[in-house]
Structure formats: structure tokens, C-alpha cells
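*Asks:* What follows is a single structure, and I will ask about it in a moment.
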Amino acid sequence: MEILSVMNSVVTRLREQNPEMDVSISSVDTHKYIPQTQQVTVIINYSGSLFAMPESSDALVQQQTLRLTATVIVGKNCDALNALDRIRSALGGLQLPDCDRLLWLEKEINTGESGGFCRYILEMATISRFIAEPVSYTHLTLPTKR
């Protein structure tokens with residue numbers, strides 16, 4: 001599973017459902033980000049993953065819970081709330097590549113106003129599987145006794 005392909009799917013879905021929004025992937029500090037246009041700005045960010053205990057002793061297979069955020073940045077609070085409603089509708093239940101579960105919504109946070117812009121964060125998650133590449137020990141040599 002490639003995290004960037006998951007994030008690109010989220011961006012593609014938002015752009016298809018809401019072409020009037022400026023949607024991008026970024027790791028910028030969304031609390032300080034100032035949009036360059038008057039459009040509703042949505043920043044998709046990878047927040048990290050939680051890994052469960054391995055499921056097998058034969059191979060390393062772990063359930064991976066991916067956490068994503070969509071931060072809405074816009075000048076007016078009512079515009080932010082309307083955008084948040086549209087984003088929630090577009091992303092909730094979305095099937096993402098190589099994920100075992102549909103994207104679910106976890107929490108919304110109003111981070112307040114700064115720099116003349118309202119900001120809301122929608123936290124989301126999905127589940128995938130991490131499967132470790134098999135390790136080949138054929139190239140290793142064992143030390144010999146002297």
C-alpha cells in the first residue's frame with residue numbers, strides 16, 4: 001500500500017465533487033497558511049499510522065490504520081461550514097486503493113480564526129495491511145569457530 005496513492009485518491013475525489021475548491025496535498029502548518037486566492041482551500045495531510053500487533057509468526061503482517069486530515073481554510077465562517085459539509089459528503093465512505101475499510105470520519109475541529117481566515121480540520125481514517133518484504137538470508141555467512 002502506498003500512502004501517496006491513497007492521498008491522491010482523496011484529492012481526486014474532492015476535485016471531482018467540488019471543482020470550485022483549491023485542493024492540494026501539503027505538509028504546511030495549516031494554522032499559519034494563508035491562501036493565495038479567494039477560493040475555499042482544502043489541504044490534505046497524512047497524520048501518521050497506528051500499527052496493530054503482527055497477525056502471523058510466518059510473515060510480518062500488521063493492520064495499519066492510516067490517519068488523514070482535510071483542513072478547510074476560508075474567509076467566512078459560513079463558507080467554511082458549507083465547505084466542510086460538502087467535504088464530509090464527498091469523502092465519508094470512500095473506497096481507497098489497497099485499503100480494507102472505507103474511509104471513515106473521526107472528528108472535526110474548529111481551530112478558530114487567524115490571519116483573517118477560518119479553519120476547520122476533518123480527521124479521517126482507513127485501514128490497510130502492512131506486509132513486510134521477505135528477508136533473504138542466503139547472502140549472509142555465519143562466523144566460524146576458531
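The values are calculated or read from the model by the stated rules, or taken from the named source; none is laboratory data. Given the structure is predicted, the values throughout are model-derived calculations rather than measurements. In this analysis, Cβ positions are derived from the backbone assuming ideal geometry, glycine residues included, and neighbour counts consider all displayed protein chains. SASA here: full protein model, heavy atoms, side chains in, ligands and nucleic acids out. Shrake-Rupley method; radii C 1.70, N 1.55, O 1.52, S 1.80 Å.
*Asks:* Using C-alpha positions alone, give me the convex hull volume of the chain per residue in cubic angstrom.
*Replies:* About 160 Å³ per residue, rounded to a whole number.
*Asks:* OK, next. Summing -39500 (n - 2.57) over the DSSP H runs of n ≥ 4 in the chain and dividing by its residue number, what mean residue ellipticity at 222 nm do you reach, to the nearest 500 deg cm²/dmol?
*Replies:* On the way: 2 runs with 30 residues, N = 146.
So the helix-based figure for the chain works out to -6500 deg cm²/dmol.
*Asks:* Quick one: with all protein chains in place, what share of the accessible area of region 57-123 is carbon or sulfur, to the nearest percent (1.4 Å probe)?
*Replies:* Heavy-atom surface of region 57-123 belonging to carbon and sulfur, 1.4 Å probe: 47 percent.
*Asks:* Which one of Leu102, Leu91, Leu50 has the biggest mean-square fluctuation once the chain is modelled by GNM with Cα springs under 10 Å?
*Replies:* Leu50
*Asks:* So what's the net charge close to Arg67: Lys and Arg +1, Asp and Glu -1, counting the other residues with Cβ under 9 Å from its Cβ?
*Replies:* -2
*Asks:* In addition: With a 1.4 Å probe and all protein chains left in place, how much accessible area per residue does the chain have, in Å²?
*Replies:* Ligands and nucleic acids excluded, the result is 61 Å² per residue.
*Asks:* Next question. Regarding region 60-135, what whole-number volume in Å³ per residue does the convex hull of its Cα atoms give? Before the final figure, lay out the partial values.
*Replies:* Numbers: hull volume 7.4 nm³, N = 76.
For region 60-135, the hull spanned by Cα atoms encloses 98 Å³ per residue.
*Asks:* For the chain, what's the relative contact order in percent, using C-alpha pairs closer than 8 Å and at least 6 residues apart?
*Replies:* The normalised contact order for the chain reaches 24 percent.
*Asks:* To test your reading of the geometry: what angle, between 0 and 90 degrees and rounded to tens, separates the Cα axis of helix 77-91 from the longest principal axis of the chain?
*Replies:* Between helix and principal axis, roughly 40 degrees.
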